[in-house]
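Notes for the one structure printed next.
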Amino acid sequence: MFRFCAISNLNGEVKFSHYFESVLCAVTNLEREVVQECLNTGDKQGVIKRSDCLAVFKREGILCVVIGAVPSANVNIASDLLHCFTFILTNHLKNKTEMQTVHNKEVIHNILTQMVRGSVLETRISHIPALHDFQMQGGSEY
């Protein structure tokens, strides 16, 4: 259902990518196009529907978080993932600057992997072990 998660700066440079399916060149090109479309809307958050992708996005400070899904995906489910993920980034990694957060790639990959398990979406923060492990370590190693 989900295809990718991308975090970019406001210039459209993708700083972080997580793929929920095997990576194809077409997906990486699609990701860049969708990120540019999201930034070009000028909106703080929204939905973009294309023939090849459904994307929900939200701007947080100098970053833009985009969740890409298959065109037939439910917008509400994609929005739930986006809002829960951005909540985690802004509230639980708040000791870091936005760019330091992006550079905690292992933590972000683990959080996304644990949030999306096949077709099951986990939005209860208490059930995401990677986040708790990171907090217990004080986030100092990343």
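The values are calculated or read from the model by the stated rules, or taken from the named source; none is laboratory data. Bear in mind the structure is a predicted one, so any value in this text is a computation, not a measurement. Note that we place each Cβ from the backbone using ideal geometry, even for glycine, and neighbour counts take in every protein chain shown. Accessible surface areas use protein heavy atoms only, side chains included; no ligands, DNA or RNA. Shrake-Rupley method; radii C 1.70, N 1.55, O 1.52, S 1.80 Å.
Points to keep in mind about this one:
- Which numbered condition Ala55 misses (of (1) at pLDDT below 90; (2) surrounded by 14 or more Cβ atoms within 10 Å (Cβ to Cβ); (3) not in a loop (DSSP other than H, G, I, E, B)): (1)
- Segment 1-49 - residue that is modelled with pLDDT of 90 or more and basic (Lys, Arg) and, of those, nearest to Leu63 (Cα to Cα): Lys44
- Test: Gly68 is of a type in the set (Gly, Ala, Ser) and surrounded by fewer than 17 Cβ atoms within 10 Å (Cβ to Cβ): no
- Every residue from segment 4-18 that is within 24 Å of Asp80 (Cβ to Cβ) and open to solvent by 60 Å² or more (accessible area, probe 1.4 Å): Lys15
- Odd one out for Asn11 among (1) under 19 Å from Thr101 (Cα atoms); (2) within 11 Å of the chain's Cα centre (by Cα): (2)
- Segment 95-111 residues that are open to solvent by 80 Å² or more (accessible area, probe 1.4 Å), paired with ones that are of a type in the set (Gly, Ala, Ser) (beta carbon under 8 Å, 6 or more apart): Asn95/Gly139
- Residue selected from segment 71-94 under the condition out of contact with any strand residue (DSSP E or B) (no Cβ under 6 Å at 6 or more places or on another chain) and open to solvent by less than 30 Å² (accessible area, probe 1.4 Å), by the criterion farthest from Lys44 (Cα to Cα): Leu93
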